[in-house]
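*Asks:* Please find one structure pasted underneath; my questions will follow.
Read-outs throughout are calculated quantities, based only on the coordinates presented, and are distinct from any laboratory measurement. All of these numbers come straight from a predicted model, not from anything done at the bench. Positions of Cβ are generated from backbone atoms using ideal geometry, with glycine treated the same way; all protein chains shown enter the neighbour counts.
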Amino acid sequence: MRRVTASAPGKLFLAGEYAVLAGAPALVAAVDRRAHVRAVLEPGAGPLEVESLAEGTRRVIHDPERDALGGGDAGAVLAALRSARTAAPSLAAMRARVVVDTRAFLADGQKLGLGRSAATVAAAVAALLAGVGRQDRGEILQAALAAHALFQEGRGSGADVAAAVRGGVLEFRRERGEVTVRARVLPRGNWQDESGEIVQPAVPHFLAQDAAPGGSPTSPFAPAGRALRRDDIDQLRHPHDDPAHLRLTQRPDNAGRDQREFT
């Protein structure tokens, strides 16, 4: 049995929310409203059970591959499972019980428009893949993009998914089916000016540059020859309630079993 907890932030478009659908860049930022997913994975094929705390519902999906997606949190989790199974076929031999908490995305029962479904899909994909030992952020992003496209029937750019997985403030572009996500310094007054420097993650100056074995002098937390990624920086300790991104920690559960947790 594997118990996995994941959470992912919502999003706010700063610019380009509609222009991005035509191939222009958009600026999107992660915000401090989070979708939380708790999953229990057990060996053996079987139904998917999804409980939504926001909706006060519990849905049992007897055939996760063929049953209709439906809407709400359960539909988002089912789309995430199908996409995660494509990335990690071993998930097909496991059954899952999932509890979703997206109450932070509602106010008096009304949606806030902060990317609830994208955050739910991202957290669910991360939890399911982590349950079978898959933790690569690039793989999580691609699987979450595919899951959200399935759930939304192809609508949307995917920028909200990128914010949920990568966090921070991002430049997002989808052009001819190719997705580009990066952080860039923008000249004042023109967010479409692409002459600004592309910013790479860096280690804080006060940390020793030989903090991790095998790292390069400029990227001590990453293997030589590879650019530093957010999940490398996540090796650093920072506040548990940091809303900026989705990250992985591991700790034993009450029974002493290894528990993987994205927070």
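*Asks:* Which whole-angstrom value gives the distance between the alpha carbon centres of region 1-78 and region 110-176?
*Replies:* Here the answer is 8 Å between Cα centres.
*Asks:* Taking R0 as 51 Å, what's the FRET efficiency between GLU17 and ALA45 from their Cβ-Cβ distance, rounded to 0.05?
*Replies:* The calculated FRET efficiency here is 0.80.
*Asks:* Moving on. Under 14 Å from a label point 7 Å along Cα→Cβ of ALA29: give me every residue in region 149-174 with its amide N that close.
*Replies:* Hits in region 149-174 for ALA29 at 14 Å: 167-171.
*Asks:* Sort MET1, MET94 by Cβ crowding within 10 Å, fewest neighbours at the top.
*Replies:* MET1, MET94
*Asks:* Using R₀ = 22 Å, calculate the FRET efficiency as 1/(1 + (r/R₀)^6) where r is the Cβ-Cβ separation of THR57 and LYS111; round to 0.05.
*Replies:* After rounding to 0.05, the efficiency reads 0.85.
*Asks:* Under a plain spin-label model, where a point goes 7 Å from the Cα along Cα-to-Cβ, how far apart in nm are LEU69 and GLU139?
*Replies:* 2.3 nm
*Asks:* How would you rank 39-46, 159-166, highest first, on the average number of other Cβ atoms within 10 Å across their residues?
*Replies:* 159-166, 39-46
*Asks:* What is region 1-133 by shape, rounded, prolate or oblate, if you read a ≥ b ≥ c off the alpha carbon gyration tensor as root eigenvalues and call it rounded for a/c under 1.5, prolate for a/b larger than b/c, and oblate otherwise?
*Replies:* Prolate, because a/c is 1.5 or more and a/b exceeds b/c.
*Asks:* So, counting K/R as plus one and D/E as minus one, what does the shell of residues with Cβ under 15 Å around GLN110 add up to?
*Replies:* Once positives and negatives cancel, what remains is +2.
*Asks:* In whole angstrom, and with the biggest value first, how far do the Cα coordinates of region 66-159 range along each principal axis?
*Replies:* Taking max minus min along each principal axis of the Cα atoms, region 66-159 gives 40, 27, 25 Å.
*Asks:* Show me the ranking of peptides 101-114, 23-36, 75-88 by mean Cβ neighbours inside 10 Å, starting with the highest.
*Replies:* 75-88, 23-36, 101-114
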